[in-house]
Amino acid sequence: MFGNIYSKSTLRSSPTIRDLCEEIVIRRFLPIIEAAAVQGSPINVLEYNSAVYMDFICAFIFGIQNVANFLQNSKTCKRWLELRSISKGYGFWSMEFPRLTSLLTYIGIHLEPPWLGSVWDEITDLCLGMLQSVDLSSEIQSNGPVEDQKWRIYTKPVVYDQLLSQLKSSSCKQASVPLSQSQLRLTMASELMDHIFAATDTTAWTLTYIMHELSRRPDLQTSLRSELRSLSPPLIYHRSNDKLNEDPMLELPSPRSIDDLPLLDAVLLETLRLRPSVPGSQPRIIPSSPGSSPVSICGYTKIPAGTRVSSQAYSLHRNEQVFPEPEVWNPRRWLDASHEQRDEMMKWFWAFGSGGRMCIGNHLADLGE
Ligand code: HEM
């Protein structure tokens with residue numbers, strides 16, 4: 001469905017990603033951190049990191065002109081985080097037993113609190129609102145060139161465009177009756193909401209853990225800073241009150257050169273190892289194709305088709321044979337490892353899962369961190 005829009009090479013050369021980094025990270029986020037630092041006032045970094053990623057992923061999906069600007073609108077951001085936190089404890093029954101849950105609800109038995117529906121409605125409205133904005137802005141656009149419009153900055157709705165074209169062509173090819181306009185809209189909203197959920201908390205938590213670990217290690221911060229300054233052009237933020245640089249914008253080094261920084265890479269890998277943001281079970285079902293024989297996994301033989309098996313990053317990442325002193329956050333383990341040791345560590349590294357249901361946003365996540 002998503003072709004290569006989330007692939008490493010596409011993201012690395014994407015003008016949209018570059019524009020979003022400049023607008024969201026440099027023009028909006030860094031001045032907030034700078035102001036807090038200058039005033040010596042604390043800020044809730046988890047909240048800001050969530051806002052950055054909400055803005056980033058929503059803008060990548062729908063175009064920056066069509067989304068809420070959570071970073072500069074703390075009320076909307078706080079409400080979103082509140083809704084997400086309320087809804088997180090639920091979902092088991094409706095996800096695992098959707099028919100039973102609907103049937104029981106129909107006869108007045110609620111397996112989940114009845115008020116949960118209004119929380120989901122509010123979350124859904126946000127996504128539907130962004131979808132509607134894209135439709136409206138495409139109409140405005142068709143009336144004239146983008147530069148003439150009211151937007152200060154315009155970016156392509158990359159994921160929206162891709163999904164829409166795929167759904168339209170697959171619905172025409174496969175279904176005898178193509179999707180109606182409202183079915184198409186709800187299918188789009190459902191899929192895109194999934195991307196927003198999958199992208200935001202995961203990346204925001206990882207970045208927050210990175211900040212937490214670095215804040216306890218000033219020496220490591222110094223080393224990381226000098227690594228970032230070794231880039232060409234160096235990654236240096238020009239303070240917004242610097243008369244020579246009234247615009248805090250900086251020229252960004254290429255994504256490839258940032259990717260190649262060993263210490264930055266080690267910090268990211270070690271944080272995802274110790275604090276994987278999806279630490280729990282990732283289930284898979286043993287396939288039941290006709291004639292298929294029972295499979296063996298890790299010494300368990302004859303597991304029948306249809307059985308649910310699962311593994312979890314939390315445990316895999318704490319294998320002492322591969323990661324000595326597994327509870328210690330130590331980026332050096334990645335730098336000091338031999339080729340063979342690193343290969344073994346990567347074999348056990350499961351922050352993004354693997355196989356057909358692996359995270360499709362892993363390269364976007366790397367880029368974002
Ligand atoms: C640090 C950041 C992230 C982590 C740790 C993470 C981790 C994961 C994991 C463990 C899974 C399940 C994989 C499995 O079942 O094997 C997953 C699925 C998914 N992730 Fe991510 N993810 C991150 C960021 C993102 C981003 C930025 C996106 C952007 C769209 C994204 C989109 C998705 C989607 C759509 C799925 C569902 C794939 C499917 O079931 O077919 N993720 N992610």
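Summarising the label geometry, the points placed 7 Å from Cα in the beta-carbon direction at Leu252 and His339 lie 3.3 nm from one another.
If you only keep lysine pairs separated by 8 or more in sequence, or across chains, how many in the chain come under 22 Å at the Cα atoms?
Working: Lys8/Lys156; Lys8/Lys347; Lys75/Lys88; Lys78/Lys88; Lys156/Lys168.
Counting lysine pairs in the chain gives 5.
A simple count of charges around Arg284, restricted to other residues whose Cβ falls under 14 Å of its Cβ and scoring Lys, Arg +1 and Asp, Glu -1, yields +2. What distance in nm separates the simple spin-label points at Ser9 and Tyr106, each placed 7 Å from Cα in the Cβ direction? It is 5.1 nm. Model label sites at Met1 and Tyr154, defined 7 Å from Cα along the beta-carbon direction, differ in position by 2.8 nm. As a length-normalised measure over Cα pairs under 8 Å and 6 or more apart, the relative contact order of the chain settles at 18 percent. Taking K and R as +1 and D and E as -1, what net charge do the other residues with C-beta under 13 Å from the C-beta of Val25 add up to? Result for the neighbourhood of Val25: -3.
What's the FRET efficiency of Ser315 with Val295 using the Cβ-Cβ distance as r and R₀ = 30 Å, to the nearest 0.05?
Values: r = 21 Å, r/R0 = 0.69.
Here the calculated transfer efficiency is 0.90.
Derived from the Cα gyration tensor, the three semi-axes of the equivalent ellipsoid of the chain are 34, 31, 21 Å, largest first.
Based on the Cβ-Cβ distance from Met358 to Glu122, what FRET efficiency comes out when R0 is 45 Å, to the nearest 0.05? Write out the running numbers ahead of the final one.
Details: r = 31 Å, r/R0 = 0.68.
Once the sixth-power term is evaluated, E becomes 0.90.
Structural size metrics of segment 1-198, computed from C-alpha coordinates, are Rg and Dmax of 19.4, 63 Å. Looking at segment 291-356, none of the trypsin sites (Lys or Arg not before Pro) sits in a DSSP loop with at most 12 other Cβ atoms within 10 Å of its own Cβ.
Relative contact order of segment 1-198, please, whole-number percent, based on alpha carbon pairs below 8 angstrom and at least 6 residues apart. Write out the running numbers ahead of the final one.
Values: 139 pairs, mean separation 59.7, N = 198.
Relative contact order of segment 1-198: 30 percent.
The charge dipole of the chain, taken about its Cα centre with unit charges on the Cβ atoms of Lys, Arg (+1), Asp and Glu (-1) only, comes to about 680 debye. Potential lengthening of the chain between Thr76 and Trp348 amounts to 94.0 nm, from the contour at 0.36 nm per residue minus the alpha-carbon distance.
Note on the chain: dipole from Cβ charges, positive end direction compared against Ile123, Pro113, Ala59; the farthest Cα belongs to Pro113. The gain in end-to-end length when the Ser288 to Glu325 segment is fully stretched comes to 9.3 nm, 0.36 nm per residue minus the alpha carbon separation.
Taking amide H atoms as placed 1.01 Å from N in the peptide plane, the amide H of Ser311 lies under 5 Å from those of Gln282, each 5 or more residues away in sequence or on another chain.
Set the Förster distance to 41 Å, then compute FRET efficiency between Gln183 and His212 from the Cβ-Cβ distance, nearest 0.05. It comes out at approximately 0.40.
Each value in this text was obtained by applying a stated rule to the coordinates, not by laboratory testing. Quantities reported herein were computed from a predicted structural model and do not represent experimental measurements. FYI the Cβ positions are ideal-geometry reconstructions off the backbone, even for glycines, and counts take in every protein chain you see.
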